[in-house]
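To keep things clear, I will list the structure first and then write my remarks on it.
The values are calculated or read from the model by the stated rules, or taken from the named source; none is laboratory data. Small disclaimer: the values here were computed from a predicted structure and weren't measured. Cβ coordinates were reconstructed from backbone atoms using ideal geometry, including for glycine residues, and neighbour counts include every protein chain displayed. Surface areas here come from the heavy atoms of the whole protein model, side chains and all, with no ligands, DNA or RNA. Shrake-Rupley method; radii C 1.70, N 1.55, O 1.52, S 1.80 Å.
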Amino acid sequence: MALTLKVITPDKTVWNDKVEEIVLPSTTGQLGILSGHAPLLSALDIGVMRIRPGKEWKAIALMGGFAEVENNEVKVLVNGAEMGETIDKATAKAEFDQAQSRFQTADKGSDRQQKFQATQALKRARARFQAAGGVVSI
């Protein structure tokens, strides 16, 4: 039995179809969802959601939000989302490298707001790069 998945941003619906399996980037770690899952409401972090509509996995970059699971229906309400297959990998890699440099510079300083903004920009760039198929070393 499949799950119905809706991924909704303020300006568009990114996904509205059946899937077999979902892995969400919750604020407490990766969260796997299969059909028959117990009702759940979870905060989502900036990261990559993986979905399996058939045999192949697809990636969606999420920019934080919430997920609700109930009666084999999963609603993902996020600030922004992009299908990994629509993201240019080279551009995403360049943005990730730039965000890493900005973070390293901000991390050496004492401005807390600048550090926070650099951290958020790095998370967004990492999610987009990973969703596009890039590999990030720790």
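Results, tabulated for the structure shown:
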quantity: Counted charge near F96, where neighbours are those whose Cβ lies closer than 15 Å (Asp, Glu -1; Lys, Arg +1); calculated: +3
quantity: Protein accessible area in the chain, 1.4 Å probe - carbon and sulfur %; calculated: 49
quantity: Anchor K115: lysines whose Cα lies under 27 Å away (excluding residues fewer than 8 positions away in-chain); calculated: K89, K93, K123
quantity: Probe 1.4 Å, all protein chains present, accessible-area order of L34, L40, largest first; calculated: L34, L40
quantity: Within a Gaussian network of the chain (alpha carbon springs, distance under 10 Å), most fluctuating of L77, L62, L31; calculated: L31
quantity: The chain - mean residue ellipticity at 222 nm from DSSP helices (-39,500 (n - 2.57) per run, n ≥ 4, rounded to 500); calculated: -10000 deg cm²/dmol
quantity: GluC sites (Glu not before Pro) within region 19-98, DSSP loop, no more than 12 other Cβ atoms inside 10 Å; calculated: E56
quantity: Set of lysines with alpha-carbon distance to K75 below 16 Å, sequence-local pairs under 8 removed; calculated: K6, K12, K18
quantity: Point-charge dipole on Cβ atoms (K/R +1, D/E -1) for the chain, about Cα centre, debye to 20; calculated: 360
quantity: Angle in degrees between helix 89-108 and the longest Cα principal axis of the chain, rounded to the nearest 10; calculated: 50
quantity: Size of electric dipole in region 87-132: Cβ of Lys, Arg +1 and of Asp, Glu -1, about Cα centre, debye, nearest 20; calculated: 120
quantity: Counting DSSP beta bridges with both ends in the chain, the antiparallel % (nearest 5); calculated: 90
quantity: The chain, relative contact order in percent, only Cα pairs under 8 angstrom and at least six apart counted; calculated: 22
quantity: Once the Cα gyration tensor of the chain is diagonalised, semi-axes √(5λ) in Å; calculated: 29, 16, 12
quantity: Global geometry of region 87-132, whether rounded, prolate or oblate, following the gyration tensor of its Cα atoms and the 1.5 cut on a/c; calculated: prolate
quantity: Rounded tilt (10° steps) of 112-131 against the dominant C-alpha axis of the chain; calculated: 50
quantity: Where the chain is the region considered: accessible area per residue in Å², 1.4 Å probe; calculated: 59
quantity: Full-extension gain in nm, L34 to F116, via 0.36 nm per residue minus C-alpha separation; calculated: 26.1 nm
quantity: Cleavage-rule hits, trypsin sites (Lys or Arg not before Pro), region 49-104, DSSP coil, Cβ neighbours within 10 Å at most 14; calculated: K55
quantity: Other-chain or far-sequence residues with amide H under 5 Å of V74's (modelled H); calculated: T4, L5, K6
quantity: Selection from T9, A61, V76, by position along the positive dipole direction of region 1-80 (Cβ); calculated: A61
